[in-house]
């Protein structure tokens, strides 16, 4: 069943990947994405307008008969700000947000599932969950994939596996990733060695919003690079093992920071707290970095008065599109910076350093 949802309502709640009571520092969320294409049409980059329209119609008709509830937005029917809201909530990619030709997304009410249509591939199934939950994400994505394959003919090779627009996705079409908050490794200048080590074992590191984005606010996505010739569960098990090792390294880095550089860490947290609590103008990039430091302070017991889930929600709600939707009007960058600072001051009204 497909339902039209007002995006204004979407910004008032948090997605399931920021669920309450999930405390697995420094792990934020787990994501599994499956790339699929339909056998009867050219891949999106080469498809004609008629073919893209046919893919969209077939996808819409298929979702209409599935025994699940989905919200749906066609990109050409929503504003740029609304497209950016979906991107900021990790429901669509930047590429899809910039594309208006017969493409869109289907989203489950709790936002744990999103299926992009006519992005780089005809279909991209995403399952997103809080904490380290790769197997749950895989099971959900795989279940949806099976249901779609019952009604749609995929492009598949008996020797290669699922065929995709990007050669690196050929095979399983699986991209699994985990988002981590790693300020300890960054502050100790050890993140470069971690990235280099990861790249040697078939994994890659991306920024907070995925491929092509920078690692702002000490948020990193660790994901697999190779899908050809590998079993899905082995890919997930390998990634999970490495993520747990990185988690241990980060927690160890934080202990060393407190034992060896306690005053520097306290100063770092206190300055971020002071700016966020008192600023009247603050840009998006600056607020993300300061909130990252505040999150570290919360984990280390240096600040109190709010929960980690409330703080994590601010990473999304202070982004440009969310600010405008919450305000109910289009804002220029200067107006957003003022509103963002006001929101942060209000959030920290009852917070204090310990």
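Read-outs: derived from the displayed coordinates by stated rules, not from any lab. On a predicted model such as this, the values are computed, not experimentally measured, just so you know. Glycine gets a Cβ as well: all are built from the backbone with ideal geometry, and neighbour counts include every protein chain shown.
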Quote to one decimal, in nm, the extra length available between residue 155 and residue 193 on full extension: 0.36 nm per residue of separation minus the C-alpha distance between them. 9.8 nm
With axes computed from alpha carbons, what is the tilt in degrees of helix 262-278 against the longest principal axis of the chain, rounded to the nearest 10 within 0 to 90? 70 degrees
In degrees, nearest 10, the alpha-carbon axis of helix 333-347 is tilted away from the dominant principal axis of the alpha carbons of the chain by 60 degrees
Largest first and to the nearest Å, give the Cα extent of the range 249-290 along each principal axis. 35, 20, 10
For the range 152-275, the fraction of alpha-carbon pairs in successive 5 Å shells from zero, as %: 2, 10, 17, 19, 16, 12, 9, 6, 4, 3, 2, 1, 0
Using Cα pairs closer than 8 Å and at least 6 residues apart in sequence, work out the relative contact order for the range 2-246, in percent. 24 percent
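Please report the projected area of the chain's Cα convex hull averaged over all directions, in nm².
For the Cα atoms of the chain, the hull's average projected area reads 17.4 nm².
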Based on a Kirkwood Rh over C-alpha pairs, give the Stokes-Einstein translational diffusion coefficient of the range 261-353 at 20 °C and viscosity 1.002 mPa s in µm²/s. 161 µm²/s
Just subtract the alpha-carbon distance of residue 270 and residue 310 from 0.36 nm times their residue separation and send over the number in nm, one decimal. 12.5 nm
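If you stretched the chain out fully between residue 101 and residue 289, how much longer would it get, using 0.36 nm times the residue separation minus the C-alpha to C-alpha distance?
Going from the current span to full extension adds 64.2 nm.
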Could you list 316, 65 in order of exposure, starting from the residue whose Cβ has the fewest other Cβ atoms within 10 Å? 65, 316
Once both axes come from the Cα atoms, what is the angle between helix 49-65 and the longest principal axis of the chain, in degrees from 0 to 90, rounded to 10? 80 degrees
Would you please give the FRET efficiency between residue 326 and residue 66, computed as 1/(1 + (r/R0)^6) with r the Cβ-Cβ distance and R0 = 35 Å, to the nearest 0.05? 0.60
Most mobile listed residue (305, 15, 131) in the chain, GNM with C-alpha springs under 10 Å: 305
For a Förster distance of 51 Å, can you work out the FRET efficiency between the beta-carbons of residue 39 and residue 345, rounded to the nearest 0.05? 0.40
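Can you compute the FRET efficiency between residue 49 and residue 146 using 1/(1 + (r/R0)^6), with r the Cβ-Cβ distance and R0 = 30 Å? Round to the nearest 0.05.
0.50
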